[in-house]
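Colleague: Pasting a structure here, questions to come.
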Amino acid sequence: MTSPVLQGIGLSCIRDDRVLFADLVFALQAGQALLLEGQNGSGKTSLLRILCGFREADAGTILWCGTGINDSQYRADMAYVGHLDGIKKELTVLENLSFAVALGQSGLHAIADALARVQLSGYDDMPVQALSAGQKRRLSLARLLVTQNRLWILDEPFTSLDKQGIKLTETLMAEHCAGGGLIVLTSHHDLNLQGVAVQRIHLS
Amino acid sequence: MPLTHAFFAVIRRDLILALRRRSEIANPLLFFVLVITLFPLGIGARPQLLQTIAPGIIWVAALLAAMLSLDSLFRSDFDDGSLEQMLLSQHPVSVLILGKIIAHWLVTGLPLLVIAPLLAIFLGMSVHSLGILLLTLLLGTPVLSLIGAIGVALTVGLRRGGMILSLLVLPLYVPVLIFAGNAVAMAGNGLPVGAQINILTAMLFMALALAPWPTAAALKMSMSQ
């Protein structure tokens, strides 16, 4: 048994005197995915934001490779796609991606390569405001590919994607896990990841 | 990518964005020009009086124009999630933020410097005090951007932060106004202004070195809401 890469120990989150979750425990090995389920307002996004380090957990700790998550090593290893795309609509597709690379480390895929993967080839010089919602979503996936990261934190990655887009996203996720990456995500969509051990946590 | 690359990438990105949203740059500049051109009309044909109060008018207008432009510093990045991504970068946030502030000064502070000579002549300032005015603007407006950034970072998460922002930031702007206005007024009377310029320079270097840290911390706090 190898030691877990991402570990949550006794996590709890209290918001406006309401306990969203308490004593949450999970441990992810390399190549595994964690799916958070639960109704709206059950604390899925709060947990993701705690994992990103935006919020502090009201109790408990998160360990990445055995150390806390408040160092630049963790931030270099993780990537987050949230409700907000983090994409500037006035910039072109290419400018957005090269800025993402400048903020991090260049990853496995070159920019042209990643755009081809998410079927956005030929859109390089298109301002993002001319893209559809689904295309924007795929652009934020491309951002995960062009930067170097091991942990993907995804908040509802399938929103506004069509069937083909969902399939594409699942393929990319499965590939990421096959390469030893980890994924934590929330989704209302039935997750179908080939050959990936998916853990589920139900928040209520 | 190395830190310097990220730093310049932030500046470059913000300059491109400013270029594509020109109205945001034009707004504070237009305000600056309008306020100053209205003064002679309001005061009437009294060139002597106008000349005396010119340094004050220009500096107060510059200060208010800077305040007007502050909100655009982090607002759009906060709204579309770019700021989240910046905070998640492996690079020190304070350095990236300094890049953003520098870009902001280049598009909102620098144009004031370019247009100021015209307005100074309009108000009947002498060439010597015009030189000193430009020097104080060069030293003072970056301080306004740097101090303002702390205030914006604190209020960016609030829905109506504008009022609180003014209350927070204006008192901190007063020292810049006093020393800069005083330097230009004294230059108009032919007195030496070395002391004021030195103090303004010291303020600039202190703000450059110290402002990015609280700004970064405040942004993290705004993000945790």
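Colleague: Would you check if there is a residue in the range B:200-208 being in contact with a helix residue (DSSP H, G or I) (Cβ under 7 Å, 6 or more places away or on another chain), over 27 Å from B:Arg75 (Cβ atoms) and more than 14 Å from every other protein chain (Cβ to nearest Cβ)? Give the derivation first.
Modeller: Start the filter on the range B:200-208 by keeping residues that are in contact with a helix residue (DSSP H, G or I) (Cβ under 7 Å, 6 or more places away or on another chain), which leaves B:200-201, B:203-204, B:207-208.
Checking which are over 27 Å from B:Arg75 (Cβ atoms) leaves us with B:200-201.
Next, only the ones that are more than 14 Å from every other protein chain (Cβ to nearest Cβ) stay: B:200-201.
Yes, the conditions are met somewhere in the range B:200-208.
Residue-by-condition table, conditions (1) away from chain A (no Cβ under 13 Å); (2) over 30 Å from A:Leu97 (Cβ atoms):
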residue: B:Ile57; (1), (2): yes, yes
residue: B:Val60; (1), (2): yes, yes
residue: B:Ser76; (1), (2): no, no
residue: B:Leu98; (1), (2): yes, no
residue: B:His104; (1), (2): yes, no
residue: B:Leu118; (1), (2): yes, yes
residue: B:Leu130; (1), (2): yes, yes
residue: B:Thr141; (1), (2): yes, yes
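Colleague: Checking the structure you have, find out if any residue of the range A:179-202 is of a type in the set (A, V, I, L, M), under 16 Å from the mean Cα position of the chain (by Cα), closer than 24 Å to A:Gln29 by Cβ and assigned to a helix (DSSP H, G or I).
Modeller: No, there is no match, as no residue in the range A:179-202 is of a type in the set (A, V, I, L, M), under 16 Å from the mean Cα position of the chain (by Cα), closer than 24 Å to A:Gln29 by Cβ and assigned to a helix (DSSP H, G or I).
Colleague: Can you tell me how many residues within the range A:13-48 are part of a loop (DSSP other than H, G, I, E, B), within 19 Å of the chain's Cα centre (by Cα) and touching a residue at least 24 places away in the same chain (Cβ under 8 Å)?
Modeller: 5
Colleague: Within the range A:10-32, can you find the residues that are farther than 19 Å from A:Ser42 by Cα and among the aliphatic types (A, V, I, L, M)?
Modeller: Correct list: A:Ala27, A:Leu28, A:Ala30.
Colleague: Within the range A:77-86, which residues are more than 7 Å from chain B (Cβ to nearest Cβ) and closer than 21 Å to B:Arg75 by Cα?
Modeller: Correct list: A:Val81, A:His83.
Colleague: Give just the number: which of (1) away from chain A (no Cβ under 14 Å); (2) over 19 Å from the mean Cα position of the chain (by Cα); (3) of a type outside the set (Gly, Ala, Ser); (4) assigned to a helix (DSSP H, G or I) does B:Leu135 not satisfy?
Modeller: Failed condition: (2).
Every read-out reported here was derived from the displayed coordinates using simple, explicitly stated rules and does not represent laboratory data. These numbers were taken from a predicted model, which means no experiment stands behind them. Cβ: placed from backbone, ideal geometry, glycine included. Neighbour counts: every protein chain shown.
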